[in-house]
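Structure record follows, encoded as structure tokens.
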Amino acid sequence: MRPQVAGVPVAAPPFSSVAAVFDAAAVGQRVRLRGWVIRARSSGGILFLRLRDRSGSVQVTAKRDALGTERFDAVEKVQIEGAISLTGTVAEDARAPGGREVRADAIEVVHAGEPFPIFTDQTEEFLLDKRHLAIRSQDHVATFRVKAEFLRAVRKFLDDEEVLEMTPPVLTGNLAEGGSDVFQIDYFGRPGYLSQSAQLYLEALLFPSERVYALTPSFRAEKSRTPRHLTEYLHLEVELAWCDLTQLMEFMERMAVATFHHVAKARPKELEALGRPPSELLAIEAPFPRVTYRAAIETLRAKGFPVEFGSDLGTAEERALTIESRSPVFVTKFPVGLKAFYMLRSPDDPSTVEAADLLSPEGYGEMIGASARETDVDRLIERLRATGANPDEYAWYLDLRRHGSVPHAGFGMGIERVLRWMLRREHIRDTTPFPRTPSRHTP
């Protein structure tokens with residue numbers, strides 16, 4: 001029954017958020033909340049509920065004599081993740097999480113729900129099958145809030161640096177990097193591909209705008225089942241005119257420090273809940289350690305790895321190079337044969353290219369791949385042929401070098417890879433709501 005004063009019903013207050021319950025002046029105030037039940041029990045004619053909305057969760061108590069028997073019994077049947085709305089008074093209670101509770105005198109059942117199938121000690125495969133429900137967990141909620149904050153920080157940094165956001169296509173007729181790890185489609189009788197990278201298009205957009213970026217999905221048809229690979233991921237790519245590799249690495253350092261610090265200050269509660277003290281992000285400062293590929297090979301050989309100049313640095317090698325580091329680490333000057341056709345050869349060593357990988361701290365592996373871009377059309381054609389590609393298929397890209405070609409450089413960052421390190425997730429799939437892997441593309 002709605003509360004009355006002198007026989008006149010009291011108007012219900014407007015809906016507020018759960019977070020408002022914990023405002024300093026909220027005690028004794030009437031509030032109206034709506035959300036989902038995440039915990040429920042009854043004892044001696046009292047209901048104890050835990051209600052969550054997008055702002056947090058709060059304990060709710062309700063007595064049978066306040067609700068009435070019929071309403072009390074209906075609310076008692078609400079399942080976990082059932083939806084309700086309520087009106088009540090904020091009270092202090094040291095036994096309640098956060099020291100506050102709402103003592104409800106009216107509860108409406110929006111949807112009682114069916115028994116919720118997600119609970120503790122279930123297999124990873126089952127939870128992936130039920131991902132559409134499992135993403136309601138507090139860990140997932142915290143993860144995606146941090147991810148949103150990181151993306152907000154990235155866009156703010158790039159805006160402050162006067163880098164213009166662009167919208168390149170995801171369907172393309174060209175392979176950005178070649179190889180077999182591409183999803184090919186039938187594009188009205190012609191071969192088409194899901195984008196591996198927006199880089200080639202960003203290089204075209206660079207000439208009128210000089211500093212450009214895109215945040216788009218990229219696709220890799222790698223049958224890799226490691227904890228750091230997805231077949232679809234969110235890809236931040238940046239291209240800067242009048243920029244060499246050293247300047248690009250300095251830009252990347254500024255971006256990393258600015259965005260990591262932003263997240264640490266904006267989402268400390270979520271970071272702590274997920275196992276990353278914000279102080280560890282705030283401690284990261286530029287410049288980052290730099291090591292050449294040749295020096296990295298020598299370090300790995302000293303650690304017992306059977307590697308030599310020309311060996312690729314895989315998961316185990318990258319982990320060995322950074323497992324004890326608390327800062328990202330640059331590896332530079334890779335062999336020509338390990339990198340893509342568009343990378344600029346090092347002027348002081350033609351066996352290497354002006355490339356840098358930024359490796360995450362603590363052994364989590366590459367987070368950014370970067371390079372200066374080749375500006376000479378003849379050398380690009382030579383490299384394309386060396387990789388077995390047909391230069392005619394890249395005619396429009398080669399045209400860029402014939403009309404005002406200038407020094408430029410760029411990088412690609414896998415957003416989920418950064419989040420995997422930042423949030424200390426065992427598997428990269430836990431950084432995206434609906435992960436795509438070789439074995440899974442539903443739900």
Inset, instruction - Please work out if SER279 is hydroxyl-bearing (Ser, Thr, Tyr), part of a helix (DSSP H, G or I) and over 16 Å from GLU149 (Cβ atoms). - result: yes
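Out of the helices (runs of 4 or more DSSP H) lying entirely within the stretch 338-443, which hold 2 or more residues that are among the charged types (D, E, K, R)?
Counting at least 2 such residues, we get 377-386, 415-422.
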Inset, instruction - Search the stretch 218-237 for residues that are open to solvent by 40 Å² or more (accessible area, probe 1.4 Å) and pair each with any residue that is modelled with pLDDT under 90 and among the acidic types (Asp, Glu) when their beta-carbon atoms are under 7 Å apart and the residues are at least 6 apart or on different chains. - result: GLU222/ASP181
Legend entry - Inter-residue pairs, beta-carbon under 6 Å, first closer than 12 Å to ALA176 by Cα and in the stretch 383-406, second in a helix (DSSP H, G or I), 6+ apart: LEU384/PRO391; TYR397/LEU200
Legend entry - Condition met for LEU313 (on the phi < 0 side of the Ramachandran plot, part of a helix (DSSP H, G or I), modelled with pLDDT of 95 or more and open to solvent by less than 20 Å² (accessible area, probe 1.4 Å)): no
Legend entry - Conditions (1) touching a residue at least 12 places away in the same chain (Cβ under 8 Å); (2) part of a helix (DSSP H, G or I); (3) loosely packed, with under 13 Cβ neighbours inside 10 Å: number failed by LEU133: (3)
Inset, instruction - Identify the residue in the stretch 20-65 that is open to solvent by 40 Å² or more (accessible area, probe 1.4 Å) and small (Gly, Ala, Ser) and, among all such residues, is nearest to ARG136 (Cα to Cα). - result: ALA40
Legend entry - From ARG379, ARG383, residue being of a type outside the set (Gly, Ala, Ser), under 35 Å from the mean Cα position of the chain (by Cα) and under 23 Å from GLU237 (Cβ atoms): ARG383
Legend entry - Where LEU338 falls short, out of the listed (1) open to solvent by less than 50 Å² (accessible area, probe 1.4 Å); (2) touching an Asp or Glu at 6+ places or on another chain (Cβ under 8 Å): (1)
Inset, instruction - Return yes when ALA389 is small (Gly, Ala, Ser) and modelled with pLDDT of 95 or more and no when it is not. - result: no
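Does the stretch 348-369 include one or more residues that are among the charged types (D, E, K, R), within 17 Å of PHE251 (Cβ to Cβ) and in contact with a helix residue (DSSP H, G or I) (Cβ under 6 Å, 6 or more places away or on another chain)?
Yes, the stretch 348-369 contains at least one residue that is among the charged types (D, E, K, R), within 17 Å of PHE251 (Cβ to Cβ) and in contact with a helix residue (DSSP H, G or I) (Cβ under 6 Å, 6 or more places away or on another chain).
To keep it simple, each residue is scored yes or no on (1) in contact with a Leu (Cβ under 8 Å, 6 or more places away or on another chain); (2) open to solvent by less than 40 Å² (accessible area, probe 1.4 Å); (3) hydroxyl-bearing (Ser, Thr, Tyr); (4) closer than 30 Å to ARG385 by Cα.
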site	(1), (2), (3), (4)
ALA256	yes, yes, no, no
ALA286	no, no, no, no
PHE309	no, no, no, yes
LEU321	yes, no, no, no
Legend entry - Odd one out for ALA273, checked against (1) open to solvent by less than 60 Å² (accessible area, probe 1.4 Å); (2) within 19 Å of the chain's Cα centre (by Cα): (1)
Inset, instruction - Sort out which residues of the stretch 146-170 are open to solvent by less than 30 Å² (accessible area, probe 1.4 Å) and among the β-branched types (Val, Ile, Thr), and write them in order of number. - result: VAL146, VAL154, VAL163
Inset, instruction - Say whether the condition of being out of contact with any Leu (no Cβ under 7 Å at 6 or more places or on another chain) and over 25 Å from THR292 (Cβ atoms) is met by at least one residue in the stretch 350-363. - result: no
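Scan the stretch 292-308 residue by residue and report those that are within 29 Å of ARG225 (Cβ to Cβ) and either free of Cβ contacts under 8 Å to residues at least 40 places away in the same chain or among the β-branched types (Val, Ile, Thr) (or both).
Matches in the stretch 292-308: ALA296, ILE297, THR299, LEU300, ARG301, LYS303, GLY304, PHE305, PRO306, VAL307, GLU308.
The values are calculated or read from the model by the stated rules, or taken from the named source; none is laboratory data. A quick note: this is a predicted structure, and the numbers were derived from the prediction, not measured. Cβ atoms come from the backbone with ideal geometry, glycine included; neighbour counts cover every protein chain shown. Heads up: the accessible areas ignore ligands, DNA and RNA and are worked out on the full protein's heavy atoms, side chains in. Shrake-Rupley method; radii C 1.70, N 1.55, O 1.52, S 1.80 Å.
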